[in-house]
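Every number here is computed from the coordinates shown, using simple stated rules; none is lab data. Model, not experiment: these values are computed from the prediction. With ideal geometry, Cβ positions are generated from the backbone for all residues, glycine too; neighbour counts draw on all protein chains shown.
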Amino acid sequence: MNLLLLEPGEADGRGVVRLEGPRARHLLDVLRAAPGREIRLGVVDGPLGTGRVLRADAAKREVELEIRLGAETPPRPRIDLLLALPRPKVLGRLWAVLASLGVGHVWLTNAWRVEKCYFDTHVLAPETIRAGLLEGLVQARDTRLPVVTLHRHLRALVEDELPREPYAARILAEPDGAGRGFSAIGRGLPPDGRVLVAIGPEGGWIQPELDLLEARGFERAGWGGGRPLRTDVACSVLLGALADGMAAGH
């Protein structure tokens, strides 16, 4: 556990929180929490801080912490993702990955090569999504929970529902995409510029979908070699390269 995440309002008026269940067990069994120990923590969609262990009861499997929080909440990640709904097994692995990498909004969408039955998977249950995202935040020591929305019509999403605020860049991921690579695009963004990345189904976007996205300002970008990637690999490689370029550019 790289970060102990608390829910808003979980601490009492004295700034003390009592934990039981998986978080307490981890503090006791893995971190060997004892009175006086400092624990790195944060509040979901709130600030980071530290907690000082007041009581660690191995018998009752309880831990009490006195928390001290910073004044500011971490900034919202500057990368948003438009993602053609992948296979449920892949999607289940992706929640933690996307939160770890730092994504502000995940727009899950239908596409021609997306099986309609994917929309019925339990992996889209709100509690499953949230659990996976929280796991990723703990790994990355972040508190900003990505927003996830589901859209059954790509055209309606692209033409009517995407944010009207301008993105500094809209990127259409294509194995043989011409033009700049992801790192280069990241280096060229203004310091506060947001970017939207569209990653298609593993079979690829069909031509009308490519035309639709390009008409709405998406720029094709590739990753060399023309190798098609699985969705989970593509998200890790491409978002990582983009974030690296954004960091290097500033």
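When each of Asp211, Asp142, Asp45 is scored by the number of other beta-carbon atoms lying within 10 Å, the sequence from fewest to most is Asp211, Asp45, Asp142.
For a Förster distance of 41 Å, can you work out the FRET efficiency between the beta-carbons of Asp244 and Ala58, rounded to the nearest 0.05?
On the way: r = 43 Å, r/R0 = 1.04.
Step by step, r from the Cβ atoms, then E = 0.45.
Taking a cut-off of 18 Å, what percent of all Cα-Cα pairs in the stretch 4-69 are separated by more than that?
Details: 545 of 2145 pairs.
Roughly 25 percent, once rounded to a whole number.
Once the Cα atoms are used to define both axes, helix 231-248 deviates from the longest principal axis of the chain by about 80 degrees.
Relative to the longest principal axis of the Cα atoms of the chain, helix 88-101 runs at roughly 70 degrees.
What Kirkwood hydrodynamic radius do you get for the stretch 39-183 when you take the inverse of the mean 1/r over all pairs of distinct Cα atoms, in Å? Could the numbers behind the result be given before it?
Working: mean 1/r = 0.0566 Å⁻¹.
Taking the inverse mean of 1/r over all distinct Cα pairs, the stretch 39-183 comes out at 17.7 Å.
If R0 is 30 Å, the Cβ-Cβ spacing of Trp112 and Glu135 corresponds to a FRET efficiency of close to 0.40. Convex hull volume per residue, computed on the Cα atoms of the chain, equals 144 Å³.
Take 106-118, 59-71 and order them by the average number of nearby Cβ atoms within 10 Å per residue, most first; the result is 106-118, 59-71.
Relative contact order for the chain using alpha-carbon pairs under 8 Å, separation at least 6, rounded to a whole percent? Intermediate results must be reported in sequence, preceding the final value.
Values: 492 pairs, mean separation 48.4, N = 250.
Taking the mean separation of contacting Cα pairs over the length of the chain, I get 19 percent.
Across all C-alpha atoms in the stretch 117-250, the radius of gyration and Dmax reach 15.6, 43 Å.
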